[in-house]
1. What are the pairs, 6+ residues apart or on separate chains, where a residue within segment 71-99 that is closer than 25 Å to A112 by Cβ and aromatic (F, W, Y) has its Cβ under 7 Å from a residue that is modelled with pLDDT under 85 and in a loop (DSSP other than H, G, I, E, B)?
2. Would you pick out the residues in segment 73-112 that are of a type in the set (S, T, N, Q), under 21 Å from G45 (Cβ atoms) and loosely packed, with under 15 Cβ neighbours inside 10 Å?
3. Quick one: would you say F4 is surrounded by fewer than 17 Cβ atoms within 10 Å (Cβ to Cβ) and out of contact with any helix residue (DSSP H, G or I) (no Cβ under 7 Å at 6 or more places or on another chain)?
4. Could you please tell me which pairs satisfy a Cβ distance under 7 Å, a separation of 6+ or placement on different chains, a first residue in segment 12-36 that is over 18 Å from V81 (Cα atoms), and a second residue that is of a type in the set (V, I, T)?
5. Which members of segment 58-88 meet the condition of being modelled with pLDDT under 95, over 11 Å from the mean Cα position of the chain (by Cα) and of a type outside the set (A, V, I, L, M, F, W, C)?
Amino acid sequence: MTVFFPLLFLGVHVGVAWILVEVFVNIFHGLSRFWYILWHYLVVGGAFFLVFLCYFSLFSFFSIFSTMAIAMVFLFLIEVVVFRYMYSGELWFLNYLDWIIPVFFAASGVYAAGWFVA
């Protein structure tokens, strides 16, 4: 089996988790800052954990750490494409609190799902 299809399958799972997080962001952006940040962190970690729980239960072409690293590359590529070419608003939210910490929770969710299934 070539590496193309496992990478594509992994990328689709990242895309699904990203869409789940974006649905949350678009619906609940009106919450107070404290509650929005708290729920954003929980939703990011939970979405990536649940989606990758499905991924690891169906498929395990890469190791857990490699899967997490590749998933973060896909996440970064999605973010670059969306915020560079599709989003025309201000990018004030691309900061440590709103972007870097959630990426950590996303990576932790992927790794925890792999560890949980293994």
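1. Matching pairs, first to second residue: W99/F93.
2. Once the filter is applied, which keeps residues that are of a type in the set (S, T, N, Q), under 21 Å from G45 (Cβ atoms) and loosely packed, with under 15 Cβ neighbours inside 10 Å, segment 73-112 yields only N95.
3. It is true that F4 is surrounded by fewer than 17 Cβ atoms within 10 Å (Cβ to Cβ) and out of contact with any helix residue (DSSP H, G or I) (no Cβ under 7 Å at 6 or more places or on another chain).
4. Listed pairs, sorted by first residue: F24/V43.
5. Passing the criteria: S60, R84, Y85, Y87, S88.
The values are calculated or read from the model by the stated rules, or taken from the named source; none is laboratory data. Note that this is a predicted model, so its numbers are computed, not measured. When we count neighbours, we look across all protein chains shown, and the Cβ atoms used for this are built from the backbone with ideal geometry, even at glycine.
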